[in-house]
1. Rank these by accessible area, largest first, 1.4 Å probe: A:Asp168, A:Asp13, B:Asp89.
2. In degrees, nearest 10, range 0 to 90: what is the angle between the Cα axis of helix A:143-163 and the longest Cα principal axis of chain A?
3. About its Cα centre, what dipole magnitude does chain B give when the only charges are +1 on Lys and Arg Cβ and -1 on Asp and Glu Cβ, stated in debye to the nearest 20?
4. Inside 10 Å of the C-beta atoms of B:145-151, what's the mean count of C-beta atoms belonging to other chains?
5. Round to the nearest 10 and give me the degree value, 0 to 90, for the angle of helix B:117-138's Cα axis relative to the longest principal axis of chain B.
6. Which whole-number percent is the relative contact order of the stretch A:90-174 (Cα, under 8 Å, 6+ apart)?
7. Under 19 Å from the Cα of A:Lys95, which aspartates and glutamates turn up, not counting those fewer than eight places away in the same chain?
8. Which value at 222 nm does chain B reach when only helices count, each DSSP H run of 4 or more adding -39,500 (n - 2.57), with the total divided by all residues and rounded to the nearest 500 deg cm²/dmol?
There are 2 protein chains.
Amino acid sequence: MAKKNYQREDVLDKVITLFWQQGYAASSVQQITKATGLKPGSIYHEFESKEKLFQEALARYASSSIGSIHQKMANTSNVNEGIKQILTDLIEQSKACDYCGCFLIKTQLELASQGNSLYKFASEQLANIEKIYTQYLSLTYSEVQAKAYAAQLMTVIFGIRIYGYQADSANTIIQTINALLPWLNEH
Amino acid sequence: MAKKNYQREDVLDKVITLFWQQGYAASSVQQITKATGLKPGSIYHEFESKEKLFQEALARYASSSIGSIHQKMANTSNVNEGIKQILTDLIEQSKACDYCGCFLIKTQLELASQGNSLYKFASEQLANIEKIYTQYLSLTYSEVQAKAYAAQLMTVIFGIRIYGYQADSANTIIQTINALLPWLNEH
DNA sequence: AGCTTTTTTGAACAATCATTCAAGTGGTGT
DNA sequence: ACACCACTTGAATGATTGTTCAAAAAAGCT
């Protein structure tokens with residue numbers, strides 16, 4: 001077979017799972033070939049290097065995450081309700097036994113010390129997500145207030161993503177969020 | 001020289017820096033020998049394996065962190081003031097150009113997927129820290145309230161630890177904390 | 001059919017990985 | 001002075017790392 005027997009996006013999705021769970025350094029090319037079904041040669045033919053592959057997987061994850069935010073916002077009656085829905089879904093995710101937090105956060109932590117460009121990318125994407133929340137909150141609140149609320153929201157989301165690793169944390173987290181972000185229940 | 005020309009704790013301190021910055025997988029034995037000045041043979045003579053060495057380094061970091069909490073609490077007039085001091089110090093740390101967050105959190109994220117025992121240890125230590133905060137808060141508040149506040153505090157601390165990676169985040173974080181944890185300014 | 005192009009294959013690459021070990025070194029106790 | 005012990009040394013271990021490449025295989029084009 002000389003024609004591609006795979007699709008770039010399918011490969012990326014499988015590779016996202018691997019990198020997301022194990023991180024960059026702990027994911028070997030051997031594991032990548034097993035997870036995707038592609039031989040090393042094909043991997044390097046399609047994606048220049050392990051780093052480039054990771055970069056692309058991370059970018060796909062980021063754009064999917066951002067898309068998911070917009071979608072959830074569109075499906076709810078108002079901004080605060082949308083944010084509450086997003087937070088609820090985050091908590092739901094943390095119940096899974098194979099919970100592995102947020103790919104962007106993990107990448108940021110793993111690769112920060114190396115001054116790696118992947119770190120910068122992850123960091124920028126997280127900053128971008130904050131900006132998106134700021135824009136949505138600007139629909140209801142003043143610009144200053146929206147910025148402040150978005151920063152609070154990001155801090156709490158970061159907190160949840162780490163707290164979620166604790167056993168049986170879901171119930172506690174819900175109450176914690178309500179206490180930390182009382183303005184979410186306005187209206 | 002046939003007598004030890006190093007001290008266990010000095011080696012651990014140097015190794016903590018390395019593992020803390022780079023994580024477990026990305027830190028090679030070669031780097032460990034360079035950072036400590038010990039040859040591979042000595043490392044394995046003193047510490048059974050890379051994993052055992054990491055374990056011990058992480059334990060030392062954890063007990064040092066906990067000690068630091070108690071110390072700061074002892075040096076301030078009341079519990080809330082102590083917590084504010086701890087948070088202020090966290091923010092100060094995040095200004096450093098080689099900021100690398102919290103070793104326990106990083107370990108938890110890196111090693112969670114492997115069901116590694118190091119992950120459990122890190123997770124337990126973080127839970128332990130929450131318990132410590134709960135005890136301190138119980139001096140001022142009811143047991144229920146103290147538990148709730150401690151959970152909020154941990155969530156915010158986790159949030160700060162991640163948010164701290166964003167460029168120039170220190171000023172924003174201070175305002176965010178004041179908004180998220182208004183009860184810190186009681187009295 | 002024949003030529004070109006694209007993709008797959010799987011072995012092979014040098015480098016690095018964590019770990020081991022026999023030999024060397026020097027202080028301690030007798 | 002001698003044996004013993006604790007520790008250091010540095011080379012060597014086999015396994016695994018990320019990456020390359022020549023050869024094969026299949027489709028498109030003329």
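The values are calculated or read from the model by the stated rules, or taken from the named source; none is laboratory data. Here the structure is a predicted model, which is why all the values come from computation and not from measurement. So basically every Cβ, Gly included, is an ideal-geometry build from the backbone, and we count neighbours across all protein chains shown. The accessibility values were calculated without ligands, DNA or RNA, using every heavy atom of the protein model including side chains. Shrake-Rupley method; radii C 1.70, N 1.55, O 1.52, S 1.80 Å.
1. Accessible-area ranking of A:Asp168, A:Asp13, B:Asp89, largest first: A:Asp168, A:Asp13, B:Asp89.
2. For helix A:143-163, the angle is close to 60 degrees.
3. It works out to roughly 480 debye.
4. The shielding value for this peptide is 3.
5. Compared with the principal axis, the helix lies near 30 degrees.
6. 39
7. A:Asp168, B:Glu110, B:Glu124
8. Helix-only estimate at 222 nm: -23500 deg cm²/dmol.
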